[in-house]
Amino acid sequence: MEKNNNIFSKASNGLQIFGRSMLLAISAMPAAAILNRLASDDLFNIPFLKEAAWTIFAILPLIFAVSVAGGITKDKHIAAGVAAVIAYNILIHTLREIDKTGLNSFGMVAVSNVESNILIGIIAGLVAGISYNKFKDKALPSALAFFGGRRLVIIMSSFFAIIVSWILSYIFPTLDEGILSLGKNIGTMSMGPF
């Protein structure tokens, strides 16, 4: 019984840390919504406010990547954020369509909306944050010492992002379609989503 409580306690703590890590990114959404509303035609009709709002919406997956990476690391170092930006870009560039073939760089079906997919940002943040916690204090032999510690985080995050991207190339199109289908089904329920 004690072992089960310990497992549930660790899982609960991990989920709480993960949940809190997304709060910074979530706080960007109201700012974007307020700017967008102020910029609307029936209010102030200010084009630069609309551009500012849609810039936030456009980079929301990247904001989630950096927020999650920084939020799950133990000492909240900027190296986790840099690693998240790199991991995010590796994920979107390897999963998106190349040369109008319908295929990604792995030769699998490309993810059509990968640049705007928040789940990709969250996954990139997890890759970077976990890499940071694992490798931030790792020392390398003296010939490679410059690349040790927090610099190694960026290198390892890049490698892990490639591996995760390869795995996602097999499962993400189906997962993405399933999430989209679930959202559509909830939206067409007779009582609505809420």
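Quick one: what pairs do we get from the range 143-157, first residue at negative phi and at pLDDT below 85, second surrounded by fewer than 21 Cβ atoms within 10 Å (Cβ to Cβ) and in a helix (DSSP H, G or I), C-beta under 8 Å, 6+ apart or different chains?
Taking only residues 6 or more apart or on different chains, the pairs are F147/I155.
Each row is one residue, and each column tells you yes or no for (1) modelled with pLDDT of 85 or more; (2) surrounded by fewer than 16 Cβ atoms within 10 Å (Cβ to Cβ).
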residue: S21; (1), (2): no, no
residue: L24; (1), (2): no, yes
residue: A31; (1), (2): no, yes
residue: L49; (1), (2): no, no
residue: A83; (1), (2): yes, no
residue: I90; (1), (2): yes, no
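In the list A11, A53, which residue meets the criterion of being surrounded by 11 or more Cβ atoms within 10 Å (Cβ to Cβ) and either part of a helix (DSSP H, G or I) or among the β-branched types (V, I, T) (or both)?
When all the criteria are applied, what remains is A53.
Any residue in the range 95-102 that is part of a loop (DSSP other than H, G, I, E, B), crowded, with 17+ Cβ neighbours inside 10 Å and out of contact with any Gly (no Cβ under 8 Å at 6 or more places or on another chain)?
There is no residue in the range 95-102 that is part of a loop (DSSP other than H, G, I, E, B), crowded, with 17+ Cβ neighbours inside 10 Å and out of contact with any Gly (no Cβ under 8 Å at 6 or more places or on another chain).
Can you tell me which residue within the range 33-47, out of those that are surrounded by 13 or more Cβ atoms within 10 Å (Cβ to Cβ) and outside any helix (DSSP H, G or I), is farthest from the chain's Cα centre (by Cα)?
Going through the qualifying residues, I end up with I46.
If a residue has to be under 20 Å from L15 (Cα atoms), among the basic types (K, R) and touching a residue at least 12 places away in the same chain (Cβ under 8 Å) to count, how many in the range 40-83 make the cut?
Total meeting the criteria: 1.
Checking R37 against (1) farther than 21 Å from G121 by Cβ; (2) of a type in the set (D, E, K, R); (3) at pLDDT below 85; (4) in contact with a helix residue (DSSP H, G or I) (Cβ under 9 Å, 6 or more places away or on another chain), only one condition comes out false. Which one?
For R37, the failing item is (3).
Take the residues of the range 56-76 that are in a loop (DSSP other than H, G, I, E, B) and open to solvent by 30 Å² or more (accessible area, probe 1.4 Å): which is modelled with the lowest pLDDT?
K76
Looking only at the range 125-138, decide whether some residue is open to solvent by 50 Å² or more (accessible area, probe 1.4 Å) and either at pLDDT below 90 or not in a helix (DSSP H, G or I) (or both).
For the range 125-138, residues open to solvent by 50 Å² or more (accessible area, probe 1.4 Å) and either at pLDDT below 90 or not in a helix (DSSP H, G or I) (or both): present.
The values are calculated or read from the model by the stated rules, or taken from the named source; none is laboratory data. Just so it is clear, the structure is predicted and the values come from calculations on it, not from any experiment. Virtual Cβ from ideal backbone geometry, glycine too; neighbours counted across all protein chains shown. Only protein heavy atoms, including side chains, enter the accessible area calculation; ligands, DNA and RNA are left aside. Shrake-Rupley method; radii C 1.70, N 1.55, O 1.52, S 1.80 Å.
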